[in-house]
Amino acid sequence: MAKIIPLAEIREKYFITSILPTPWCPGCGNGSLGNGLLQAIHRTGLDPKKIVLISGIGCNGYLTRYLRFDDLHVLHGRTPAVATGLKMARPDLKVIAIQGDGDAAAIGGNHLIHAARRNIGVTTIVSNNFIYGRTGGQYGPTTPKGTFSTTSPFGLEEPPFDLCALMVAAGANFVARGTSYHVMQLIDLMERGLTHPGFSFLEVITQCPTSYGRKNPEKGMTGPEMLRWQKENTIAVERAAGMPEEELRGKIVTGIFVDRNRPEYGPEYEKVRRRAQKGVGL
Ligand SMILES: Cc1ncc(C[n+]2csc(CCOP(=O)(O)OP(=O)(O)O)c2C)c(N)n1
Ligand code: SF4
Ligand SMILES: [Mg+2]
């Protein structure tokens, strides 16, 4: 396992320190996600001038504002659409989309599915805190059944999406899940995702003590309590494979769900463009 880069170095190289601190609540998991991403970018050796971050609307979306990369902060849920457009126009760039669970699975669910289906060469990182954090804690498509939220004060009866399973089924080349507690694993997964051709998808389970934890104390109310819950309820995908569904209910399964090499959309589309230039077709 590769080493971690000192936070002071990360801060110096990648943060616009003059506008710190971030607006995140104490104990929020988005800081760990940001640290993981920067550590992973640093390891890949990618040229920062060739990286563009696309963020959606939500607490997680604040991350890109503080980082020394070109970025686009776009309409809620349209993160994959803008990332797709940019990658098609500038295939030389490394395009990284950052989304919340609401941004990715609710308002932008359709966009995400089709970006994965096309296998566009974008890395998408979803901060899944199981809730709409930014708007005060409404439930969304990844909120677990039985959860209490501002819009399910008597308990939620809807089953949640498994975002990783959805991405595997849709056609993404690389799909993995990590948590904000398991930092070293998260950095490794992000590094693998960032360097994988085609659509790579990383779901990061993050803690939101303010909008989720306070209403669901059995999973921890504060940041550290929620991290302890993550630690005690995480199962590696290899171990989960042999476990019955009932035992996995309420657990977080982490690791790599798919790692394959289907053709990436950009170069395939380029072939169509060349055929059209030559007039070869119908
Ligand atoms: C078109 C549109 N609809 C609704 C909103 C209101 N809104 C802002 S953030 C948000 C939810 C964000 O949740 P999530 O993506 O999970 O991010 P988090 O805040 O949890 O990081 C909503 C519904 C909006 N900004 N734009
Ligand atoms: S509301 Fe939740 S997700 Fe948003 S900054 Fe606070 S802890 Fe983080
Ligand atoms: Mg959320």
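The values are calculated or read from the model by the stated rules, or taken from the named source; none is laboratory data. What you see is a predicted model, and the numbers here were worked out from it, not measured in a lab. Note that each Cβ is placed from the backbone with ideal geometry, even for glycine, and that neighbours are counted across all protein chains shown.
Listed by position, the strands (runs of 3 or more DSSP E) inside segment 38-134 whose residues that are under 13 Å from the mean Cα position of the chain (by Cα) number at least 2 are 51-55, 94-100, 122-128. Selection of first residues in segment 159-180 that are part of a helix (DSSP H, G or I) and of second residues that are among the acidic types (D, E) and modelled with pLDDT of 95 or more, restricted to Cβ pairs under 7 Å at least 6 apart or on distinct chains, gives the following pairs, ordered by first then second residue: L163/E203; C164/E203.
R134 satisfies every condition listed in (1) within 15 Å of ligand 3 (Cβ to nearest atom); (2) crowded, with 24+ Cβ neighbours inside 10 Å except (2). Would you confirm whether or not segment 251-259 contains a residue that is surrounded by 13 or more Cβ atoms within 10 Å (Cβ to Cβ), free of Cβ contacts under 8 Å to residues at least 24 places away in the same chain and over 20 Å from G171 (Cβ atoms)? Checked segment 251-259: at least one residue is surrounded by 13 or more Cβ atoms within 10 Å (Cβ to Cβ), free of Cβ contacts under 8 Å to residues at least 24 places away in the same chain and over 20 Å from G171 (Cβ atoms).
Against the test of being within 15 Å of ligand 2 (Cβ to nearest atom), in contact (Cβ under 8 Å) with a residue 60 or more places away in the chain and among the aliphatic types (A, V, I, L, M), the options L63, L37, L20, L33 yield a single qualifying residue, L33. Residues of segment 150-208 that are of a type in the set (G, A, S), surrounded by fewer than 21 Cβ atoms within 10 Å (Cβ to Cβ) and within 27 Å of P267 (Cα to Cα): A165, A169, A170, G171. Within the option set L37, L112, being away from ligand 3 (no atom under 16 Å from the Cβ) and of a type in the set (A, V, I, L, M, F, W, C) holds for one residue only, L37. Considering every residue within segment 233-246, establish whether at least one is within 16 Å of ligand 2 (Cβ to nearest atom), touching a residue at least 12 places away in the same chain (Cβ under 8 Å) and on the phi < 0 side of the Ramachandran plot. So far as segment 233-246 goes, no, none of its residues is within 16 Å of ligand 2 (Cβ to nearest atom), touching a residue at least 12 places away in the same chain (Cβ under 8 Å) and on the phi < 0 side of the Ramachandran plot.
Counting only helices (runs of 4 or more DSSP H) that sit wholly inside segment 200-282, those with at least 1 residues that are farther than 28 Å from A116 by Cβ are 223-232, 245-248, 265-278. Scan segment 233-243 and give yes if some residue there is of a type in the set (A, V, I, L, M, F, W, C), more than 22 Å from I125 (Cα to Cα), touching a strand residue (DSSP E or B) at 6+ places or on another chain (Cβ under 8 Å) and loosely packed, with under 14 Cβ neighbours inside 10 Å, otherwise no. Yes, that holds for at least one residue.
Within the option set I120, I125, being buried (at least 22 other Cβ atoms within 10 Å of the Cβ) and within 16 Å of ligand 3 (Cβ to nearest atom) holds for one residue only, I125. Return a yes/no flag: does segment 29-45 have any residue that is touching a Ser or Thr at 6+ places or on another chain (Cβ under 8 Å), over 18 Å from L112 (Cα atoms), surrounded by fewer than 18 Cβ atoms within 10 Å (Cβ to Cβ) and not β-branched (V, I, T). Yes, segment 29-45 has at least one match. Just one of (1) more than 16 Å from ligand 2 (Cβ to nearest atom); (2) assigned to a loop (DSSP other than H, G, I, E, B); (3) out of contact with any helix residue (DSSP H, G or I) (no Cβ under 8 Å at 6 or more places or on another chain); (4) not aliphatic (A, V, I, L, M) fails for P141. It is (3). Restricting segment 106-117 to residues that are buried (at least 24 other Cβ atoms within 10 Å of the Cβ) and within 12 Å of ligand 1 (Cβ to nearest atom), the residue that is nearest to I252 (Cα to Cα) is L112. On inspection, I187 does not qualify as in contact (Cβ under 8 Å) with a residue 24 or more places away in the chain and within 15 Å of ligand 3 (Cβ to nearest atom). Among the residues of segment 92-119, the ones that are touching a Pro at 6+ places or on another chain (Cβ under 8 Å) and away from ligand 2 (no atom under 16 Å from the Cβ) come to 8 in all.
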